[in-house]
Amino acid sequence: MKLKQTASQTVGPYFAYGLTPQQYGYDFRSIFSNRIDGDGERIALSGRVFDGNGEAVNDAMIEIWQADARGQYQGNGFARFGTGTDSQCRFHFDTIRPGSIDNEQAPHICVLVFMRGLLLHNYTRIYFSDEAAANERDPVLNSVPAERRGTLIAERSDTPDGPAYRFDIHMQGERETVFFDV
Amino acid sequence: MAYNRRDREQHPAQIHPDYKSSLLRGPTREPLAIAPLTSELTGPLFNQDMLGEFDSDLTKNGRKNGEPLGERMVVHGRVLDENRNPLPHTLIEIWQANAAGRYIHKLDQHDAPIDPNFLGAGRAVTDADGRYRFYTIKPGAYPWGNHHNAWRPNHIHFSLFGPSIATRLVTQMYFPGDPLLELDPIYQGVPTAARERLVARFDIEATEANFALGYRFDIVLRGAAATPMDQKKGDAKKERVNHEA
Ligand SMILES: [Fe+3]
C-alpha cells in the first residue's frame, strides 16, 4: 500500500536564521546564496511579493531553480533569498540567462514562494519580456489563459551592470500571479 | 518520470480562515495543472560534504561559553516517498525555538530568555536508507498574535528537498500529548486524517541512557507516478490543459 504524503506547513515568520542565515546576519553558514554561477550572460532579477491588500511582504522566502545557458539542468541552478533584508522588501538574484530547454520551451526560471501565512508553498515561472518569439511557442505559457500570461513575464531594463529583470508576485487580486500544480 | 501531484486530502488549503495571515496571502485561484516537464522534475543535488561538523547537532553548533539549557533530544527518522522508497541525499534543514520558547530571530518579541548557547538551526543530509538524525533541545511553546491568548504548540520546522523541486516540502514536527495541538490553527489547518502524521513518536530505542530522549519523525514526499494508469492520467491532464488554452 502506498504511504501518504506528509502535510505541508507554513515556513512561518522565523525561517531566516535556519534557511537564509548569512543574508540576515546570523552566525551560521548558509549553504545557499542568491547567486548562481556558470557560463553565459549575467542577469539581475528582482521583485517584490504583494499580499491581497497590495502591501509588500517582508517575510517571504523566494527560491529559484533554472537551467544553465545551454538549457541543461546541472544540479547547481538553485538560489534562495528572503525579502526581510531590503528596505523595500525586494528579493534579488544574480544569475545567468537560462537557455531554451529542448528547443521547445522558452527560457524560464522556476520559482518557489514561501511565507508566513502560506500553509503550502506555491510554484510559478519567470519568462523574459525580450523573448517574445520563444514565449509565443512555449507550451506552458500557452496553457495559461491569455489574459493572465503577463503575470509570468519579467520586464527587462538595461543597467550599466547588464540586463536587469523585474518580476513582482501578487498573491491575490486582479493581477494574481499564475501558480502551477506541478 | 512524473511525480504524483500534491494529495489534496493530506495538505492544508491555501486559505484557512482561522489562520489569520492566510486570508491575504493564500492565492484565491486554483493552481494551473501543467504537464510535468524537466524544469520541475529536477532539483539541486546534495551530499554529506556540504555539511559543517556540527550542523546536525544543535546542542553544539551554537555554543559560546557553555551548554544550551533544556531537555536534550535525539530526533531521527526516515525520508521515504509514497512508494516506500527511501530517499537518500535529501537535504533537511530545521529551525526551532529554544527551551524557553524564544527564537534567536531578531523580530521575535516574546519576553522569554535567549539562550546564549543555542542557535536553534541545523541541517542534515539523508543516508543511503533515507535516514537522518539530529541532536537538539526540546523547543518551548510560544505566544503569537493570531488571536487572544494564542500559543504555538512545541514544534520544530523542517524543510526538505527530495529528488526534485516538485517534491520540496516545508513542514513542522509536533510532540505527542501536547494540549495546544487542538487549539492551533496552523496544525488544525491540516485535514484530520493527515494531522497525526505530523506528531513525532516518543522512541525508547533511540533514547540515549543518561543523555537524551529519543523521538522518531518519518517524512513522506511525493513519489514517482510509475504505473501505466498514472501515466495515462498525466497525459489526460496535459490534453485538458492544452485544450483550455
Ligand atoms: Fe515556529
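Read-outs throughout are calculated quantities, based only on the coordinates presented, and are distinct from any laboratory measurement. No experiment lies behind these values; they were computed from the predicted model shown. FYI the Cβ positions are ideal-geometry reconstructions off the backbone, even for glycines, and counts take in every protein chain you see.
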Taking chain B and counting helices only, DSSP H stretches of n ≥ 4 at -39,500 (n - 2.57) each over all residues, the nearest-500 ellipticity at 222 nm comes to -3000 deg cm²/dmol
Can you give the alpha-carbon Rg of region A:16-170 over 2.2 N^0.38 Å, where N counts its residues? 1.03
Counting other beta carbons within 10 Å of each residue's own, what order do A:Met1, B:Met173 fall into, fewest first? A:Met1, B:Met173
Restricting to Cα atoms and excluding each atom paired with itself, what does the Kirkwood estimate give for the protein assembly as shown in Å? 22.1 Å
Which value, in debye to the nearest 20, describes the size of the charge dipole of region A:16-170 about its Cα centre when Lys and Arg Cβ atoms bear +1, Asp and Glu Cβ atoms bear -1, and nothing else is charged? 260 debye
Relative contact order, percent, of chain A when contacts are C-alpha pairs under 8 Å separated by at least 6 residues? 24 percent
Quick one: dipole size for region B:17-162, taken about the Cα centre, charges +1 on Lys/Arg Cβ and -1 on Asp/Glu Cβ, in debye to the nearest 20. 340 debye
Most fluctuating of B:Ala33, B:Ala212, B:Ala121 in the GNM of chain B (C-alpha, under 10 Å) is B:Ala33
Please name whichever of A:Asn58, B:Gly70, A:Asn34 sits farthest to the positive end of the charge dipole of the protein assembly as shown, dipole taken about the Cα centre and charges placed at Cβ: Lys and Arg +1, Asp and Glu -1. B:Gly70
Among B:His157, B:Thr38, B:His89 the positive-end extreme of the charge dipole of chain B (Cβ point charges): B:Thr38
Helix-only mean residue ellipticity at 222 nm for chain A, each DSSP H run of n ≥ 4 adding -39500 (n - 2.57), per residue, nearest 500: -1500 deg cm²/dmol
Going fewest to most other Cβ atoms within 10 Å around each Cβ, B:Arg222, B:Arg5 line up as B:Arg5, B:Arg222
At the level of C-alpha centres, the distance separating region B:1-72 and region A:8-59, in angstrom, is 14 Å
Give the span of region A:88-182's Cα atoms along each principal axis, as three whole-Å numbers ordered largest to smallest. 36, 34, 23
Among GluC sites (Glu not before Pro) in region A:53-128, those in a DSSP loop whose Cβ has at most 15 other Cβ atoms within 10 Å are A:Glu55, A:Glu104
Three-way shape call for region B:1-134 based on the alpha-carbon gyration tensor, with the a/c threshold at 1.5: oblate
Select from B:Leu23, B:Ile104, B:Ser56 the residue farthest towards the positive end of the dipole of region B:20-236; place +1 on Cβ of Lys and Arg, -1 on Cβ of Asp and Glu, and compute about the Cα centre. B:Leu23
Given that compact globular proteins tend to follow 2.2 N^0.38 Å, what is the ratio of the alpha-carbon Rg of chain B to that value? 1.10
Looking at the protein assembly as shown, what % of its DSSP beta bridges pair antiparallel, to the nearest 5? 75 percent
Return B:Thr38, A:Thr6 ranked ascending by Cβ neighbour count within 10 Å, so the fewest neighbours appear first. B:Thr38, A:Thr6
